[in-house]
Each structure stands twice: as structure tokens, then as C-alpha cells.
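See below for the structure under consideration.
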Amino acid sequence: MSAQKAILYVALLVLIVAAPFLFPDYKTQLATLWLMIIVSLTWDMTGGQMGYNSLGNIFFYGTGMYVAAVIAIGMVYDVGEYTNAFGGGKFDFTDDQYFTGLFVGIIGAGVFCALSAFAIGWLTFGLRGPYFAIGTLGVAIAAGELVSNWDWVGGGQGIALPVYPGDFDNFKTFIYFLFAGTGVVLFIFLSWLYQTRFRAAINAIRDDEEKAEAMGLHTLRYKLVTWAMAAFFVGIVGGISAFQLIHFEPLETAYQTINLGIFMVVCVLLGGKGTLWGPIIGAILFHVFKEVTWNYFLGWQWVALGALIVVTVVYFQDGLLGWLRLKKPEWFGVRVENKQQAVAEPAE
Amino acid sequence: MSTIIEVQGVSKSYGGVKANTDISLTVPEGGITGLIGPNGSGKTTLFNSIVGYHPIDGGSIQFQGKEISKLLVPDIARLGLLRTFQQTRIYGAMNCVENMLISTPHRKLRFIESFRRNSKEEHERAEHLLDFVGLYEKRYLRSGSLSFGQQKLLEFAMALMNEPTVLLLDEPTAGINPTLINGLIDRLRRANTEFGITLFIIEHNMRVIMNMADTIYCLAHGEMLASGSPDEIQNDQRVIDAYLGAH
């Protein structure tokens, strides 16, 4: 890593840590921004890098929420009794019980979602192109409907989680750092993963899966592992969201296919798919755009958002980084170089 | 020379169309074998059957004495039996070097190793092979932006990177300009002699195939019409009739 790059990363890290203290009124907004960044980066792992456009990643978000809730509650009380007594009954959680439940629940959500990605992937990775998108969307919608009819986890009313033992402002800071920490770990993980053979393998699947098979790649294995890794992180942020929201219900919050489920795709398209920074830049732009329209153009916010999606999908498919790559290919390492030049300045 | 691929009585039909009927042939190890025939005579179907692209209706296909007709495409590729496509297929959004690096032999790669970077030797080998096919200067360009002929050369280099035992080439010279063809013939020969790769080639360019192959098989209407040395094939009246349309 060059010195400039190291300085940039340290500066970013300082900014990330300082942000909730510099902008104390925006803690929840910043936490949501991290959520957008994480779901976009993970969507890009399959959608951008591997060419499998999943519309069902929201399944892992919703499932993560429920798994985290069930684990956190189940460690102390009987889940059925707890949800049955909605509003009534008295269920107290000590500080220890809260934090143990939270951490075990969040990690459990990630692990459960990774395993379910293997199972769902096994069934859906035979589908290609738009059929995969529709197939995965179907899984997410079906899951939402099933869960909303499952009384043990609260049915359509959803679940209420224990409340953070401390003041509300500290709670917001705590949630911010949970999201930010996950995001930083994900970013470091992907910067490493995208330098390995693994990235080349999933890029090959994206460019021509039949060719990849003919060259002997274990295509299904790569696809399953990629989706499981993405699902792990989505499950984790689902779990964090569950504790952030305290109460959530299945259709509008957990398996929110038309909101977050679509937003993550738009973020990636806006920033530029198949790149490390594209989804991050896209998520920031999208989140700012969304918040500005929600605040200043209330009543027209969905129209503005729809227009943004249409313009991005129709005229700007390669996103910001894709456009930059077209204008400045040399910034992305595209060059013609003969042997003398190669000796003079050896490639990395 | 021992036999490396043995095809016996292979038939394949698509609905009512009999693409291959009772085809038998052998490919000797270390040689160059040709497969010719008019358009639609079933050459590519036979290639597809050999590499496991579709199940065959009957017959047997053996590679190094092992029955492979029930195996799937990637399994057969990992055995070291590789094919290139008639409609050239490369990874278009990746540059040439990346295309080469992901083409390393996967039969040797354990899954855990896919989480490592490519070794220095692999980089050197990739650049060496790109130099071998004359694409060294363009190695950092998006491979999808190369011309069709250059993509064909890249696909050939990728196949060599995979260190196959046998390489099935589907019309390697189609779409390549005449001056480049001579260079390509030379490279195919060198792949055979220097790297020891057995070649099995579908080709329409008679000058190319007659120059290169030791043995040639000729298909027509999905059936084996003739086989023999280039001289025998060239003077076989049935082959001439098939190509001129007397059949």
C-alpha cells in the first residue's frame, strides 16, 4: 500500500469514529447510511462481481432480524410465551442478558443466513439472468408471508425486543458503532478477497459461465460460497437492525422487498457495479438524495426516487465509476505497453 | 502411438434430426488429428458429445481408457480434455492477463487456494503465453475490446495456460486474416511439439488442415464418410463429392 493510500485510510477511519460525535443529531441517519453501504457492497458481490442479480437479498436481512430476536429472547424466556403475551406479561432482561443476547443473536443471525444461502442457492443457482432475479424475489416474498402467519414468532404483529439498558443517546451511538464496525470489517474483507483468485473466478462466471465450466471451474461451489459470504453480512446487519428498531414486523420492516430490497440494487447501479468503491459511493449518493427529497419535497419523494431509478437504469447503467472508467481508462490500469516499457516500469 | 480418445458407435439426435449416427474414431496421443466435413455434418455435435456438453444417445467415449460419456463438462475439463469454441468465448470484461490467470489448471487447485493471490510463476507464464500468441502489448486491455481474431488467439493462449493433455479446437482459423493464419499454424504446431499437447481440430480451411494433421476424419450428414492420411482424403472421390454437393 502506498503512503498516500495509507493516509487516506487512516483519515477515513478517524472520520468514521468521530462522525457520531461531530454530528450528534445525525447518529441514526449515519447508522442507516452504514446499513445501505453494507447491503450494497454485499449485493454487488453476486450482482456486480458474479453477474447474478438477486432481488432476494432482503430475505437475509429479514431472516437475520428474526433469528437475532429469537436467539436473544430464547436464551432467557420461552419464545412462544413471550410473543403470546404481547403487551401484557412481564419479561425483564438484566444488562448481562441484554448484551449476551445481542452479540450471540447477531452472530447467530449471520451464521444462519450463510447456511440458508447454501440451501436457497442450491435450489436457485440453476436459474440464469432475469429468472434468477425473479426466483430470489419469490423466496423473499414467500418468506415474509410465511413468517407473518407464524404465531410462535409473533405473526403479523412482529416481535418486540428488550430495550437497551442505558440512556437513549448512548444507545444510538452504540448502534452506530455496531453498523460502522461491521461495515469496516466487510470493507477490509472485500479488499482482500478481491485481490485473490476467488474474484477472478466469480468475474469469469459473470462474463461467461459456460466458458468457465468448459475451463474446469467449480462454478456452483464459487456461486454458493459467494452468496453465503454476502448473506452472512446481511444477516448480521439484519440482527443489528432488529435491536435498533426494538419492535419490528414481517412485511414492512423485515422482508421489505420494495424498499431496502430495491434500494440496494439502485445504490450499486448508481455507483458502478463490479467495483469495490462503486457501491459505497452509490449508497452515499442515494442516501443523501433520499433524505433530501424526504425533507424538502415531501409528497413528491417517491416520484423523485422513481425518477432517479428510471434515469439510472435507462441512461446510466454503468454508474459513476463505470462512466469514469470509460472517460479515464488509464486510471483503471487499461494501457498498451510493450516489452521495453514493462521493463522500465514493472507492473505491480 | 497409443490411443488417447476412443469414440465408439456414438449417436446423437435432436428430435428427428440425426446429428451423429454411429460415429467411431480414435485420436492418437501426441498427434494432430483433423475433423472435416461440410456445414451441418455434425462436427461440432461430436465435439460437444466428447466434452460432455450433452448426453449421448448411445455408444461410448473413452479418454485415457476411462469412460467419460456420463461425466459433466467441468469434470471432463479437469481431466485435461479441453475445448475451444467456434464462436470464440473469453471473459470480456476482464483484461487479457486476468483471462489468463483464471485459466490455470483447476484440477490442481484446491478450493482453499482460490483464496490466495496468483503466484509470480503464474504471472510470468501468463505473460509468456500472451507473448507467444502476440498479444503481449495488449495484455492490460479489456479483452472484450479486442478484435475477433485477437480474441481467438487469446482463447488459444488461455487453453494452453490450462496445460491440457488434449485440446479440441473448433475452427481455430475461422475469422482470422490470411497472414495471421500462417502464424497460427506455426503456433499450433509448436503447442503440439513443444508443449506435447495432443490436438484434435475441426477445420474448414483445407490448406491448414492438410498441412497439419497426421490423420483426418471426414463427416457428412452425421455419418463417418472417410478417414485416412491427408493425401488419401484429398483424393477420395466421396469427400470431393460431399464438399461439392454431389451427395
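Restricting attention to segment B:56-82, the residues that are away from chain A (no Cβ under 14 Å), assigned to a loop (DSSP other than H, G, I, E, B) and either surrounded by fewer than 21 Cβ atoms within 10 Å (Cβ to Cβ) or among the small types (G, A, S) (or both) add up to 5. Has segment A:290-306 got at least one residue that is crowded, with 16+ Cβ neighbours inside 10 Å, touching a Leu at 6+ places or on another chain (Cβ under 7 Å) and either more than 26 Å from B:G144 (Cα to Cα) or not polar (S, T, N, Q) (or both)? Yes: segment A:290-306 contains one or more residues that are crowded, with 16+ Cβ neighbours inside 10 Å, touching a Leu at 6+ places or on another chain (Cβ under 7 Å) and either more than 26 Å from B:G144 (Cα to Cα) or not polar (S, T, N, Q) (or both).
Residue by residue, here is whether (1) surrounded by fewer than 16 Cβ atoms within 10 Å (Cβ to Cβ); (2) within 30 Å of A:P24 (Cα to Cα) holds:
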| site | (1), (2) |
| --- | --- |
| A:D169 | yes, yes |
| A:K172 | no, yes |
| A:I175 | no, yes |
| A:A228 | no, no |
| A:S241 | no, yes |
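Residues that are surrounded by fewer than 22 Cβ atoms within 10 Å (Cβ to Cβ) and more than 8 Å from every other protein chain (Cβ to nearest Cβ) were ranked within segment A:200-222; the one that is nearest to A:G129 (Cα to Cα) is A:E209. The C-beta contact set for segment A:1-15 (first residue touching a residue at least 12 places away in the same chain (Cβ under 8 Å), second residue assigned to a helix (DSSP H, G or I), distance under 9 angstrom, 6+ apart or interchain) comprises A:L13/A:V184.
Filtering A:G282, A:G274 for residues that are within 11 Å of chain B (Cβ to nearest Cβ) and either touching a residue at least 60 places away in the same chain (Cβ under 8 Å) or among the polar types (S, T, N, Q) (or both) leaves a single hit, A:G274. In segment A:95-139, of all residues being in contact (Cβ under 8 Å) with a residue 24 or more places away in the chain and outside any helix (DSSP H, G or I), the one that is nearest to A:V39 (Cα to Cα) corresponds to A:F125.
Of all residues in segment A:268-326, which are at pLDDT 90 or above and not in a helix (DSSP H, G or I)? Matches in segment A:268-326: A:G272, A:K273, A:G274, A:T275, A:L276, A:W277. When B:Q64 is tested against (1) within 24 Å of B:A213 (Cα to Cα); (2) under 15 Å from the mean Cα position of the chain (by Cα), only condition (2) is not met. Per the listing A:Y52, A:Y26, A:Y66, the residue uniquely in contact (Cβ under 8 Å) with a residue 12 or more places away in the chain and closer than 30 Å to A:Q97 by Cα is A:Y66.
When residues of segment A:37-91 are filtered for being of a type in the set (D, E, K, R) and not in a helix (DSSP H, G or I), how many remain?
Filtering segment A:37-91 for residues of a type in the set (D, E, K, R) gives A:44, A:78, A:81, A:90.
Still in the running and not in a helix (DSSP H, G or I): A:78, A:90.
The number of residues fulfilling the criteria is 2.
Close contacts from segment B:109-128, counting a first residue that is at the interface with chain A (Cβ under 7 Å from one of its Cβ atoms) and a second that is surrounded by fewer than 16 Cβ atoms within 10 Å (Cβ to Cβ) and outside any helix (DSSP H, G or I), with Cβ to Cβ under 7 Å and a gap of 6+ residues or different chains, come to B:S114/A:T196; B:F115/A:T196; B:R116/A:T196; B:R117/A:Q195; B:R117/A:T196. The single condition from (1) more than 30 Å from B:F63 (Cα to Cα); (2) in contact (Cβ under 8 Å) with a residue 24 or more places away in the chain; (3) away from every other protein chain (no Cβ under 13 Å) that B:T179 fails is (2).
The values are calculated or read from the model by the stated rules, or taken from the named source; none is laboratory data. Here the structure is a predicted model, which means the values were calculated and not measured. All Cβ positions, even for glycine, are placed from backbone atoms using ideal geometry, and neighbour counts span all protein chains on display.
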